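The values are calculated or read from the model by the stated rules, or taken from the named source; none is laboratory data. Computed from a prediction, not measured in an experiment: that's the story for all the values here. Glycine also receives a Cβ, built like all others from the backbone with ideal geometry; neighbour counts cover every protein chain displayed. Heads up: the accessible areas ignore ligands, DNA and RNA and are worked out on the full protein's heavy atoms, side chains in. Shrake-Rupley method; radii C 1.70, N 1.55, O 1.52, S 1.80 Å.
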Amino acid sequence: YSPPPGTLAGEQSVQFSVSNWLTIAAFHGQMFSYQRFLSDTRAIRVAAGLYLDLNKNDLDVEYEGGAVSGSADLSTWDHNGTLKVQMVFYRGDGPIRFFWGAGPKVTYTDIHSESVDYSPYGDELSFIYFTNDADVWGLGVQGFAGVEWFISDMFSLHAEYGVSGMYTFRDEVGQRVYSHDSDSNRRISTTIRSPEFDSDGVRFGLSARF
């Protein structure tokens, strides 16, 4: 199937990745990937994702047959979001067309972890409580190139290779609190600024147009 000239403008599609055994999943690793043709040779693509992971841990410890015991409610989470906006340019007029594109990429990650170490201290428990919090922002550009096969007026298959250049801002705070030695309490703040350049590998996808 070869789209007739002038028919792609205004067409929209939702994109999915095609992995092993033709498994359908989110394209670009995101919850949502949408593309709209502005003309036969230009399109805009928006991909957004959100990942939420929260774990609760109820810790109970006993020493000396239960004569000394303690408990703690601990939490760990890892939340992150991603937004990409990309321009896509097509070349060719047959069923298989070459494309390339680029656009900005923004990521944010919020990480929290906590733990506690207990030990006997006379007829009670001593503990060291640890926490670690990190906020990570990523700003950069993602570029890609690939081919798309229009197999019908509603579906197409595509493969693309991408690279990303990102600048990461990471602010991290770690704390250590001693129950019986407050003079040893510590709070350490770390700030990291780092450029990153990575290959995104090859992705295979399916577009459902409407």
Quick check on the stretch 168-176. Is at least one of its residues more than 30 Å from TYR90 (Cα to Cα) and free of Cβ contacts under 8 Å to residues at least 24 places away in the same chain?
no
With respect to TYR118, is the statement that it is open to solvent by less than 60 Å² (accessible area, probe 1.4 Å), part of a strand (DSSP E or B) and touching a Gly at 6+ places or on another chain (Cβ under 8 Å) true?
yes
Residue among ASP73, ASP123, ASP93 that alone is charged (D, E, K, R), surrounded by fewer than 14 Cβ atoms within 10 Å (Cβ to Cβ), under 23 Å from GLU172 (Cα atoms) and over 22 Å from the mean Cα position of the chain (by Cα)
ASP73
Of the residues in the stretch 154-195 that are outside any strand (DSSP E or B) and open to solvent by 70 Å² or more (accessible area, probe 1.4 Å), the one that is modelled with the highest pLDDT is MET154
Every residue in the stretch 164-203 that is over 16 Å from the mean Cα position of the chain (by Cα), of a type in the set (Asp, Glu) and over 30 Å from GLY122 (Cα atoms), please.
ASP171, GLU172
Within the stretch 39-83, which residues are under 30 Å from PHE144 (Cβ atoms) and among the basic types (Lys, Arg)?
ARG42, ARG45
The residue from THR190, THR107, THR131 that alone is without any contact (Cβ under 8 Å) to a residue 40 or more places away in the chain and not basic (Lys, Arg) is THR190
From GLY138, GLY201, which residue is in contact with a Gly (Cβ under 8 Å, 6 or more places away or on another chain) and open to solvent by less than 30 Å² (accessible area, probe 1.4 Å)?
GLY201
Given (1) hydrophobic (A, V, I, L, M, F, W, C); (2) touching a residue at least 60 places away in the same chain (Cβ under 8 Å); (3) loosely packed, with under 14 Cβ neighbours inside 10 Å, identify the lone condition not met by LEU206.
(3)
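Condition check ((1) modelled with pLDDT of 85 or more; (2) open to solvent by 80 Å² or more (accessible area, probe 1.4 Å); (3) not polar (S, T, N, Q); (4) not in a strand (DSSP E or B)) across all residues:
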position	(1), (2), (3), (4)
PRO3	yes, no, yes, yes
ARG45	yes, no, yes, no
ALA48	yes, no, yes, no
ASP53	yes, no, yes, no
VAL61	no, no, yes, no
GLY65	no, yes, yes, yes
PHE89	yes, no, yes, no
